[in-house]
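**Student:** Got a structure for you, questions after.
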4 protein chains.
Amino acid sequence: MATTRFQGENPELDGLYGDLAEADLQPLWLQERLLTAAPPQRSVPFCWKAKDVYPLAERARRLVPIERGGDRRVLMFSNPGMGGWCMATSTMSAAIQILGPGEIAPAHRHTAAAIRFILEGSGAVTLVDGDAIPMIPGDLVLTPNWTWHEHHNPTDERVLWLDVLDLALVIWLDAMFFEPGPDAPDPGPSPSGSTSERRFGRSGIVPVSGAGGGAYSPLFVYRWSDVDAVLDDILGGIAAHHASVRYSDPVRGGDVMPTLRCEAHRLRPGGAADFGRATGSAMWTVFTGEGVASVGDSTFEVEPGDTYVVPSWCPHRLETAAGADLFTVGDAPTFEALGLMRRRPPDAGERSER
Amino acid sequence: MATTRFQGENPELDGLYGDLAEADLQPLWLQERLLTAAPPQRSVPFCWKAKDVYPLAERARRLVPIERGGDRRVLMFSNPGMGGWCMATSTMSAAIQILGPGEIAPAHRHTAAAIRFILEGSGAVTLVDGDAIPMIPGDLVLTPNWTWHEHHNPTDERVLWLDVLDLALVIWLDAMFFEPGPDAPDPGPSPSGSTSERRFGRSGIVPVSGAGGGAYSPLFVYRWSDVDAVLDDILGGIAAHHASVRYSDPVRGGDVMPTLRCEAHRLRPGGAADFGRATGSAMWTVFTGEGVASVGDSTFEVEPGDTYVVPSWCPHRLETAAGADLFTVGDAPTFEALGLMRRRPPDAGERSER
Amino acid sequence: MATTRFQGENPELDGLYGDLAEADLQPLWLQERLLTAAPPQRSVPFCWKAKDVYPLAERARRLVPIERGGDRRVLMFSNPGMGGWCMATSTMSAAIQILGPGEIAPAHRHTAAAIRFILEGSGAVTLVDGDAIPMIPGDLVLTPNWTWHEHHNPTDERVLWLDVLDLALVIWLDAMFFEPGPDAPDPGPSPSGSTSERRFGRSGIVPVSGAGGGAYSPLFVYRWSDVDAVLDDILGGIAAHHASVRYSDPVRGGDVMPTLRCEAHRLRPGGAADFGRATGSAMWTVFTGEGVASVGDSTFEVEPGDTYVVPSWCPHRLETAAGADLFTVGDAPTFEALGLMRRRPPDAGERSER
Amino acid sequence: MATTRFQGENPELDGLYGDLAEADLQPLWLQERLLTAAPPQRSVPFCWKAKDVYPLAERARRLVPIERGGDRRVLMFSNPGMGGWCMATSTMSAAIQILGPGEIAPAHRHTAAAIRFILEGSGAVTLVDGDAIPMIPGDLVLTPNWTWHEHHNPTDERVLWLDVLDLALVIWLDAMFFEPGPDAPDPGPSPSGSTSERRFGRSGIVPVSGAGGGAYSPLFVYRWSDVDAVLDDILGGIAAHHASVRYSDPVRGGDVMPTLRCEAHRLRPGGAADFGRATGSAMWTVFTGEGVASVGDSTFEVEPGDTYVVPSWCPHRLETAAGADLFTVGDAPTFEALGLMRRRPPDAGERSER
């Protein structure tokens, strides 16, 4: 017997509950919070501020050698709603990773898929299945499910980035496989671009020989300069104060990975965007500018490097005085694939229609 | 601060760990069992035997009125690996539901999707979105995501069935919505068949007006007599001792729901089937016959009504002296949609290739 | 030079036109009817009446041995708009095939896909890839692209059916391959059903081992009794006087073949159906009852066994005094796949919007 | 009666044939070349040489005003196998279009989809649904099904390009709709790029607001500089002497249109490529370099601007002494969608397997 033992109000009932527990059974009729009218939002709205996190990352850099454990010097965002587990939302881990000058985070691979959004420092290199990708702030780098990856910092300065993985989901699903890898040879002086970009970085031009067998984008890096140009063009063409782009698989279309959706959003000075509610959770990171985010009952004043959580079914609104660019990554593709995506526009009140 | 506080080996490190916890951060390098070489199999191999469960269900029927809570008289299989939570696997709940003569389990709907596999008693009726479906042993009834459903037992005998829902997944994803419903009028004397069957129960003949908007099968019941006939035909045509069929969406093809896969398997007397390993979990229920199931290091002698769990990445083998028919439901579609399905054939040893 | 030589109005222009023809070039500006405002309807509305065709088929049966040519005794519907080519529409051939008692139409296969709709005589057998399918009036039999097929009439009476193939399309596309086959051994006394039906004829029950590799339905025969039951049920449930079902692939969903769509339509006595216009063509055959079909400017009084053509973009309307069941096959899947399907509802006037 | 009247060998048979013709029927058994062992290749291998075609285009430019007819000054490639019809293959028209300084080809739209591959002259502009696209040699411009398009030459020099349309297919399918359009206002001085490129020209970055409703690429122009860079990179990375890229829809993946596939191929000096056989036809145009093409029994020595046809099921081989870049457009997506694609590798002999 390893299950919950419920108490009955009279001896006969109590005897039944005892025998049920003995048989590893539980009465449904005594369960609470299983069948909730709306999701109870296990993770809570929360914001990690760069001014708090970066100095801690710097202290960790000085105190903790990279080979200390887990192969990575990573500060994991621990959502206060997750009961002490080091996850940012119900499905995702998020973290700040820091590499000092000359440091190398060695090669490994795992079934949890990761994205990196570069926040500080230019010239570090991530190798994805051996392809060396130089990174600068604003870039998005993918290390999809089961791809080898390692990080090198050949520069004289520290580099900092945001890591987001579908880790809580993959662990929950009992689907985590991990393998430490042979380190690639040092990629040498920072190259000018990756094979991935040279092959798949020209819009609409695809090698006939294809894109490899993975169920993910073969383009492993998306440059901020490209994102910036498209956002600019969209805002140039309309009267609105909000523009957004989605990072997509240039060969198959759709999201960059089966489990994660990445987008960039730009608000003009004085602009606002109201996203209403949706099932699934997301991380939002300010790249430039500033703003005020309302998530459920919480309000966060956000600056560059700050990251906040929008839990499932929480209303979310952004506004900005000076203008802002944000990067966001969420689990929407998972919800769509499983028929569990439900959206409610900002002004739809409390109706729970789909 | 609501996160885990790690201890450092020296004052400086311990100070860092304290400050990290204060900032709702955790060091990755002190985490254990995040990046496991293979899934740790949170749920464990386990078997609930009809001879234990049915009498407890009968006691519950006599002691617990159906309106007692949760609208259902359901004994939930509580996997000993799930830490006291009433779930059968990482993604699914499973249970025995019992209805006495004349009882009605009232209408409700929820985003968790359910299947029912009828084990005992003929003539109860499930209404799915108002469509009355009479049930007999061996039938599979679907109550997909957000469909209204209620159960009536107009007969003189108790009825028992297996319930399986994607409940652990939907709760984990913070995607549970629930709504109590208006009861349908009593469907009256047991009809001879459902609208769903009359419209979608003739193979390959589909109303041009379509199948409703849901992302699930519009055929809400699959009769054992059909399953039996196809299994018979397959085994009649080959020398093998194992045949299997998948329950599918007759309009769109593929699985009956986005999150669950249902199959029936028949082993001839003296037959065996070795399924190797796969990510994702499944429930197996004996409908007729008997057998011995090996799941990981556990061995279960199984008879009609017995249900056992195959957790993620556990080797699974079945053999039978007298022959057996089994019903199984698992979460394979979820793993396939998310790019997390990994299989290893029975004789592939410990290699972890995909 | 093998092209059209246009005439110029003056010597210089005429010289150019001569030199163009010499170079196998043509001036676009002298082409007529290339860029038409709406499709010119190459094939025309037309009806072949059973009372004319069946006696001719009977004469052919007596005069022409089956081995005479083409392996089949087939009277091809030659649409008067097709310039003497033996095609019923721009994409399809249609025909009446007749087999006398004891006759066999030998095995062959081709890339053109065919359907058979049985009109007269019970008990003939078509073998599709070796699977013997007994046929009775109202049944639909598929012999998809590159499947071996042969027809046996072991009965004492003649059998007659409608053949429709995507032959005009396949020939036009230069995609016709043909191979004469080894005859299958005589299937012996008429079996009670085909392997195809036993494996794929139970709605929603599919062998896990799959459905073969072809891009077509693995169910090779659809029984009229099934069609009849579903049409009945639809009409029983609504106040309308028109019901329709589509024949579909029970494993993958969608049409039975990539190039052809089959449907059955039932009109109650006194009922009517107005189909408006669509690109693509279709054959309509009366199975029981009678009616009046308006196709473009033509009107046809139709009885059992009569078959008429609805050419591309022709308005089509059906009405009946006594009620009618009709079978129809058209090329809609081809138009949908190529982005060329355009529909106009009955009352939309002459606007050419999509 | 409007069909072919066959002759019988004896009076009775001849009477039957007369009566069949009278009833618009034809005997299958007298048809020839319907069921061919392999496609008879209606269109034939053929090459139009720039040195012949360009001077004729120049003569047409001087003699024929653009408003003369059809809105376009276009010399259509008339395949000698097409019986005088102005089509290049069974499914496609191909042509050279010429615009003199200051000329405008006015706006229209049609359901036939077109591609333009620019051969001579820089700075002309095509407006696609109002989006002005400046063109230089090597660029590919799309004017998909039912998009408005017009061409302006604001420069001082003539411009020449290759037009290819799915015109033979669309006409054959009775699916041609055409509408003359309101001319757009003059786009003014040549812009530096199109809206289409600014929105969809950054690989993997897609506006969240989407790509319009059409079943085609929202990127209307593909620049040769991009094609060149990717071809270079592929050849730089391998020992082979042949590289190829496919033009694709950057939002949905797959081909640029449902009916046409575009690719670019590069052969190193001394290189060769053997394509074997496939159903479906293609046009090949030399952009730079030279080579020798073998198509069936024909051999063509080709130079820049030369275009040749590869008919369905014709073996095709290319070799080059000096190296070559070629552009090709074919109807492969049509054949794949309809289940009619069949390929045979170069060394597979005469076997007709799929």
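**Student:** Using heavy-atom solvent-accessible surface (probe 1.4 Å) with all chains present, what is the largest-first order of C:T147, A:T195?
**Tutor:** A:T195, C:T147
**Student:** Chains B and A: buried accessible surface, both sides, probe 1.4 Å, rounded to 100 Å²?
**Tutor:** 7800
**Student:** Step through the residues of the range B:245-251 one at a time and calculate ³J(HN,Hα) from phi using the Karplus curve (6.51 cos²θ - 1.76 cosθ + 1.60, θ = phi - 60°), rounding each to whole Hz and writing x for Gly and Pro.
**Tutor:** Values, residue by residue: 10, 10, 7, 9, 6, x, 9 Hz.
**Student:** Report the charge-dipole magnitude of chain B in Debye, nearest 20, computed about the Cα centre from +1 at each Lys and Arg Cβ and -1 at each Asp and Glu Cβ.
**Tutor:** About 560 debye.
**Student:** Cα axis of helix C:11-22 to longest principal axis of chain C: angle in degrees, 0 to 90, nearest 10?
**Tutor:** Relative to chain C, helix C:11-22 is tipped by roughly 30 degrees.
**Student:** Please calculate how many Å² of accessible area the protein assembly as shown carries per residue, with a 1.4 Å probe and no DNA, RNA or ligand atoms counted.
**Tutor:** Per-residue value: 34 Å².
**Student:** Enumerate the amide H contacts of A:F46 below 5 Å, restricted to partners 5 or more residues apart or on another chain; note that Pro and chain-start residues carry no placed amide H.
**Tutor:** Sorted by chain and number, the residues that satisfy this are A:V309.
**Student:** Leaving out ligands, DNA and RNA but keeping every protein chain, what accessible area does D:L99 have, in Å² rounded to the nearest 10, with a 1.4 Å probe?
**Tutor:** Answer for D:L99: close to 0 Å² accessible.
**Student:** Identify, among D:V251, D:F178, D:V164, the residue whose Cα sits farthest towards the positive end of the charge dipole of chain D, taking +1 on the Cβ of Lys and Arg and -1 on the Cβ of Asp and Glu, with the dipole about the Cα centre.
**Tutor:** Positive-most Cα among the choices belongs to D:V251.
**Student:** Then there's this: Go through the range B:108-119 residue by residue and turn each phi into a ³J(HN,Hα) via Karplus (6.51, -1.76, 1.60, θ = phi - 60°); whole Hz please, and just put x for glycine and proline.
**Tutor:** Per-residue couplings from phi come out as 7, 8, 7, 6, 5, 9, 10, 10, 10, 10, 6, 10 Hz.
**Student:** Which net charge results for the neighbourhood of D:A211, defined as the other residues with beta-carbon distances under 10 angstrom from its beta-carbon, given Lys and Arg at +1 and Asp and Glu at -1?
**Tutor:** Net of charged neighbours comes to +1.
**Student:** Moving on to the next point. Just tell me how shielded A:77-90 is by partners: mean number of partner chain Cβ atoms within 10 Å of each residue's Cβ, no decimals.
**Tutor:** Per residue, the number of nearby Cβ atoms from other chains is 4 on average.
**Student:** Same structure, new question: Inside 10 Å of the C-beta atoms of B:242-250, what's the mean count of C-beta atoms belonging to other chains?
**Tutor:** Average per residue, whole number: 5.
**Student:** Would you work out which of C:N10, C:W85, C:F335 lies farthest towards the positive end of the dipole of chain C, given +1 charges on the beta-carbon of Lys and Arg and -1 on that of Asp and Glu, about the Cα centre?
**Tutor:** Most positive-ward Cα: C:F335.
**Student:** While we're here: Could you pull the accessible area for C:H265 with a 1.4 Å probe, rounded to 10 Å²?
**Tutor:** 10
**Student:** Can you pull the Kirkwood radius for the protein assembly as shown, inverse mean 1/r over Cα pairs, to one decimal in Å?
**Tutor:** 35.2
**Student:** For the range D:203-233 and the range A:280-354, write down the distance between their C-alpha centroids in whole Å.
**Tutor:** Taking the Cα centre of each part, the range D:203-233 and the range A:280-354 sit 29 Å apart.
**Student:** Let's see if you can work this out: charge +1 on each Lys and Arg Cβ, -1 on each Asp and Glu Cβ, no other charges. What is the dipole magnitude of the range D:23-129 about its Cα centre, in debye to the nearest 20?
**Tutor:** With Lys and Arg at +1 and Asp and Glu at -1, about 280 debye.
**Student:** Which value, in Å² and to the nearest 10, is the accessible area of C:C314 when all protein chains are kept and the probe is 1.4 Å?
**Tutor:** About 10 Å², ignoring ligands and nucleic acids.
**Student:** Provide, as a two-decimal number, the C-alpha radius of gyration of chain D over 2.2 N^0.38 Å, N being how many residues it has.
**Tutor:** That works out to 1.09 for chain D.
**Student:** Now a separate question. Between chains B and A there is a rotation axis; tell me the chain B residue with the nearest beta carbon and how many whole Å away it sits.
**Tutor:** Smallest Cβ distance to the axis, with its residue: B:A337, 2.
**Student:** How many Cβ atoms of partner chains, on average, are near each residue of A:216-225 if near means within 10 Å of its Cβ?
**Tutor:** Rounded to a whole number, the mean comes out at 2.
**Student:** Given +1 on the Cβ of Lys and Arg, -1 on the Cβ of Asp and Glu, and no further charges, what dipole in debye does the range B:202-354 carry about its Cα centre, rounded to the nearest 20?
**Tutor:** Dipole magnitude for the range B:202-354 comes out near 580 debye.
**Student:** Over chain B, calculate the relative contact order: mean separation of alpha carbon pairs under 8 Å at least 6 apart, over the residue count, as a percent.
**Tutor:** Answer for chain B is 15 percent.
**Student:** Give me the percent of the accessible area of the protein assembly as shown that comes from carbon and sulfur atoms, probe 1.4 Å, all protein chains in place.
**Tutor:** The C+S portion of the solvent-accessible surface of the protein assembly as shown is 51 percent.
**Student:** If one takes the longest principal axis of the Cα atoms in chain A, at what angle in degrees, from 0 to 90 and to the nearest 10, does the Cα axis of helix A:50-63 lie?
**Tutor:** Tilt relative to chain A: about 80 degrees.
**Student:** For C:E120, enumerate residues with amide H under 5 Å from its amide H, sequence gap 5+ or separate chain, H modeled in the peptide plane.
**Tutor:** The list, which skips near neighbours in sequence, is C:L160.
**Student:** Could you tell me which of B:P207, B:A293, B:L140 has its Cα farthest along the dipole of chain B towards the positive end, charges placed at Cβ (Lys, Arg +1; Asp, Glu -1), taken about the Cα centre?
**Tutor:** Working it through, the farthest residue towards the positive pole turns out to be B:P207.
**Student:** Could you give the angle, 0 to 90 degrees to the nearest 10, between helix A:224-237's Cα long axis and the longest principal axis of the Cα atoms of chain A?
**Tutor:** Approximately 80 degrees, to the nearest ten.
**Student:** Still on this structure, please answer the following. Aspartates and glutamates within cross-link reach of A:K51: Cα-Cα under 15 Å, excluding same-chain residues under 8 positions apart?
**Tutor:** Those aspartates and glutamates meeting the cut-off are A:E120, A:E290, A:E301, A:E303, A:D306, B:D19, B:E22, B:D24.
**Student:** For the range D:142-148, take each phi angle, set θ = phi - 60°, evaluate the Karplus expression 6.51 cos²θ - 1.76 cosθ + 1.60, and give the result in whole Hz per residue in order, putting x for glycine and proline.
**Tutor:** Per-residue couplings from phi come out as 9, 10, x, 2, 6, 8, 5 Hz.
**Student:** For B:P180, which inter-copy label distances result when the label point lies 7 Å beyond Cα on the Cα-to-Cβ vector, reported in nm to one decimal and in ascending order?
**Tutor:** 5.7, 7.1, 7.7
**Student:** Please list, ordered by chain and number, the residues whose modelled amide H lies under 5 Å from the amide H of D:A107; skip anything fewer than 5 residues away on the same chain.
**Tutor:** Here the answer is D:G181, D:D183, D:A184, since their amide H atoms fall under 5 Å of that of D:A107.
**Student:** Arranged from highest to lowest average of other beta-carbon atoms within 10 Å per residue, in what order do the peptides C:50-58, B:130-138, D:274-282 appear?
**Tutor:** D:274-282, B:130-138, C:50-58
The values are calculated or read from the model by the stated rules, or taken from the named source; none is laboratory data. Note that the structure is predicted; figures quoted are calculated from it, not measured. A quick note on method: Cβ atoms are made from the backbone with ideal geometry, for glycine too, and the neighbour counts reach across all protein chains shown. To get the accessible areas, we keep the full protein, side chains included, count just its heavy atoms, and leave off ligands, DNA and RNA. Shrake-Rupley method; radii C 1.70, N 1.55, O 1.52, S 1.80 Å.
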